[in-house]
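What follows is one structure encoded as structure tokens, with my remarks underneath.
The values are calculated or read from the model by the stated rules, or taken from the named source; none is laboratory data. Everything numeric in this text was worked out from a predicted model, so none of it was measured. Every residue, glycine as well, gets a Cβ built from its backbone with ideal geometry; the counts of neighbours run over all protein chains shown. Just the protein is used for accessible areas: all its heavy atoms, side chains included, with ligands, DNA and RNA removed. Shrake-Rupley method; radii C 1.70, N 1.55, O 1.52, S 1.80 Å.
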Amino acid sequence: MNRDIIIVHTSDLHVDHDYTARLHGGDGTAGLACVLQASRSIGADVVLLVGDTFDSHRVPDHVLDRAAAVISDSGLPVVLLPGNHDPAIAEAIYRRGMLAQVGNLHVFGVRHDQAIEFPELGLEVWGRPHLDYGDMVPFEIVRPRRTRWQVAAAHGHYDPQADRSISPRASWLINDEELIATGADYVALGHWNRAVRVGGEGVAAYYSGSPEYAGTVNVVRLAASGEVVVTLHELDIAREVEPVFVP
């Protein structure tokens, strides 16, 4: 494909009927709707939701059905990587109600194992989903490149020289060596609420931050020339109180 590919990357939406809902006058899906509306206006080809899209698996069905409608109505391919708040357990919300029937929603660990390919874009997105609430290494397995463009996704805590022998410590660690080993054109990260680039110069690895906290999404342009350009797009996101999040 001889054109630019545009990906919108966000994470940590924490759709719920409690805290996030209170930020938006009772609508816990408002942040999700804002992200997808912005993605449409940008002309995104794919939207990446990199972990903790839902605050828990206790979100009631009427909120899930509203989230399903928001995703379906966007008409965009939405790739969702389950995180530590919403892992792909047997009773996960992705298997319930209308959310389980949304055709443009691709959930790792539920509808896909660890990769999804978009042949018309020459793109593969891969990532290891959280399958339970325990610790794991997000980039323990590296996926060989099969397409022109490859994006890797992970939900976890970045530590440049992560020492997993220390206890207690942060869980779901990601280090510089693992980021480089992905060989991906872009590494989409979730779990931090601020938008920031991490890793060395040799890898394009970015946290998007939470929309409510950062007020932005990452726009990733995979240019036909081979260049990868990452910019922040400001969201028109209304909230009633200033959020203070804990991962």
Residue list for region 84-126, restricted to those being surrounded by 15 or more Cβ atoms within 10 Å (Cβ to Cβ), farther than 20 Å from Gly190 by Cβ and acidic (Asp, Glu):
Glu117
Look at Ala21 and say whether it is in contact with a Leu (Cβ under 7 Å, 6 or more places away or on another chain) and assigned to a helix (DSSP H, G or I).
no
Result of the Cβ filter at 9 Å on region 29-55, keeping first residues that are on the phi > 0 side of the Ramachandran plot and in a strand (DSSP E or B) and partners that are open to solvent by less than 10 Å² (accessible area, probe 1.4 Å) and modelled with pLDDT of 95 or more, at least 6 apart or interchain, is none
Pairing a residue in region 125-137 that is without any contact (Cβ under 8 Å) to a residue 40 or more places away in the chain with any residue that is of a type in the set (Ser, Thr, Tyr) and surrounded by fewer than 24 Cβ atoms within 10 Å (Cβ to Cβ), where Cβ atoms lie under 7 Å and the two sit 6 or more apart in sequence or on different chains, gives Asp135/Ser171
When you look at Pro243, is it at pLDDT below 95, under 18 Å from the mean Cα position of the chain (by Cα) and not in a strand (DSSP E or B), yes or no?
no
Looking at region 182-200, which of its residues are more than 14 Å from Val230 (Cα to Cα) and of a type outside the set (Gly, Ala, Ser)?
Thr182, His191, Trp192, Asn193, Arg194
